[in-house]
Amino acid sequence: MSMLVAALLTPALAQEPDGDNEIPEAQPEPEPEPEAQPEPEAQPEPEPITVDLSADRALRSALDAIDGTSAESGSSLDEWAPLSEGLLRGRLGIRPELALALLPGQPTTWATRVGATLSHRWWPLGEAAVQLGGQTDLTAIFPVGRAMGRRLVLSAQVGPWLGPVGLRLGPVVRSDRTEWRGAGLTLEDALLLGGRATVSLALGPLRPTAGMELGVIAAGPRPPADPTDAVLPLLGDETGYSLGLAWMGRPLSGSLHTTLRQTTIGPEIDVRIGAGLRL
């Protein structure tokens, strides 16, 4: 009997773990190593971008648009494209004035006048059968020495060039007064409204001119000129006749003009010299 119990207990005892010999814990399975990624293929280097800066000889320059027909432009382009007749070109000029004034009936009566003229000239750039042009002048001139007073003149003229011949017409506003000390004569203050006509001839840089100006007294105590004292035909209250020669250089210009003006105190002669800076 005892042998049977021992036989039954032996397998059970053999299955109990020994305190000193514990069963080891299960180890985790190692993670699989990541597969090696294939190396990226080398990309070809991009081709450099090139820009051709060479000028196309067939392209026209902006300077080719300048109309070479203008005598004032000074263009030396071999090729040009004519512009629209509506485009205008202008130029400012400042011209100092120096004049010698005389009263022919009074040999000892003369005076020097000094001043300046601000001028603006314009003309079209386009080619046309008749070339128009214009000029606006603002003149301030004052006598010194044997006379006192002032002369302010605003004029605007416009007209065509017919080949070398130019015609200018336009209004004139003049305000002046002169007191002649030596002769005891005074040309009273007056504001005159009138017009001026000028004919010019273009001979290269030279411009001989002839003109006539008439005025009507609009304000002031001055009486009109006496027709019996007039050397040349009197038109309006006062009339002036002029001859001149101008040099249209760049940047300097010059002029010499003689004007005979018929006034209430008799004929008055101005010999005027001008030198200009053309901007």
In terms of solvent-accessible area of protein heavy atoms at a 1.4 angstrom probe, what is the ranking of R146, R113, highest value first? R146, R113
Modelled label-to-label distance, A210 and T228, 7 Å Cα→beta-carbon offset: nm? 3.1 nm
Roughly how many percent of the accessible protein surface of the range 116-159 is carbon and sulfur, given a 1.4 Å probe and a whole-percent answer? 71 percent
Förster radius 35 Å - calculated FRET efficiency between L162 and R250 (Cβ-Cβ, nearest 0.05): 0.90
So what is the orientation-averaged projected area of the range 124-279, using the convex hull of its C-alpha atoms, in nm²? 10.1 nm²
When the solvent-accessible surface of protein heavy atoms is calculated with a 1.4 angstrom probe, in what order do L185, L256 fall, highest first? L256, L185
Please list I94, I269 from largest to smallest accessible area, probe radius 1.4 Å, with all protein chains kept in place. I94, I269
Everything considered on the Cα gyration tensor (a ≥ b ≥ c; rounded for a/c under 1.5, else prolate if a/b is larger than b/c, else oblate), the range 97-152 must be described as prolate
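The values are calculated or read from the model by the stated rules, or taken from the named source; none is laboratory data. Just so you know, these numbers come straight off a predicted model, no measurement behind them. Cβ coordinates were reconstructed from backbone atoms using ideal geometry, including for glycine residues, and neighbour counts include every protein chain displayed. Side chains included, ligands, DNA and RNA excluded: accessible areas come from the protein's heavy atoms. Shrake-Rupley method; radii C 1.70, N 1.55, O 1.52, S 1.80 Å.
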